[in-house]
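First comes the structure, then the notes that go with it.
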Amino acid sequence: MFGFKQNGKADNGRNQASIGVQLIASLLVCYPEIYTVTYEPKDTEIILDFVVKGSPASHEEMEEFARLLDESVQTYHALHGGEPVWLAIDADVQGQRMVVHVKRQLSTMLRGELDLLTQLFRDKFGDNLQADGHNVDVLEPEFSSLQSNLLDQMLDTAQEQRIKERMIGMRDKDKVLVYNR
C-alpha cells in the first residue's frame, strides 16, 4: 500500500483512513444488497443499511427476522470458534421503503458472516430487497477477484488496527462513494 512518510515513518492517520475507505468501498462492491455502510470509530461500530421496497413488513415480522439474524450470526460465530458477538437491528420506514440497519462491532466481523447476512436478507425479502445491478458476478472477473481479496485483507487489518475516522459509504448510480464525516 502506498503511504506518505514523515521523518522516516509512515503517516498512520492517512494509512488508517485509507484502510477505512478501502474496507467500505470493497464491502459495497462485493455486497450489492448493502445500500450504505457507516463506520463510527467511537464504538468501532459498523452499520450496514439494507433497503426494502414495497409495503413494509409488520413489526412482528421484523421482530422475528431480527431474532433469526441474531441467532444465525451467533451460531455462525460459535461454529467458527468465536465468542458471542454484539448485534443490533432496527428499521426506519419511509413511505414504501424500509431501511433496515444492522449494527456490529467491526473488530469481530467475519467475511462469512457478511455472506450469511446478505443471504438471509435475500431469502426474506427477495426481489423487494434493493440491490445494485453492478454486482461482483457482472463485473470484470479480475476486478471482482481483486475487490474480494481486498475485502478479506481489510477485514483482517480492521481487527488488528483501529480505524479512527468516521466514514460513510453509499451508492450513487453505478459508483460507490466513501466520505469522511
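Looking at Arg181 and the list (1) of a type in the set (Lys, Arg); (2) modelled with pLDDT of 80 or more; (3) in contact with a Lys or Arg (Cβ under 7 Å, 6 or more places away or on another chain), which single condition is not satisfied?
Result: Arg181 fails condition (2) only.
Filter the range 146-169 down to residues that are open to solvent by 60 Å² or more (accessible area, probe 1.4 Å) and of a type outside the set (Asp, Glu) and give me whichever is nearest to Thr38 (Cα to Cα).
The selected residue is Arg166.
Looking only at the range 116-131, decide whether some residue is basic (Lys, Arg), at pLDDT 95 or above, surrounded by fewer than 16 Cβ atoms within 10 Å (Cβ to Cβ) and closer than 17 Å to Phe65 by Cβ.
Yes, some residue in the range 116-131 is basic (Lys, Arg), at pLDDT 95 or above, surrounded by fewer than 16 Cβ atoms within 10 Å (Cβ to Cβ) and closer than 17 Å to Phe65 by Cβ.
The values are calculated or read from the model by the stated rules, or taken from the named source; none is laboratory data. All figures in this text were calculated on a predicted structure; none of them were measured in a lab. Quick reminder, even Gly has a Cβ in these numbers, built from the backbone with ideal geometry, and neighbours come from all protein chains shown. These accessible areas exclude ligands, DNA and RNA; they are computed on the full protein's heavy atoms, side chains included. Shrake-Rupley method; radii C 1.70, N 1.55, O 1.52, S 1.80 Å.
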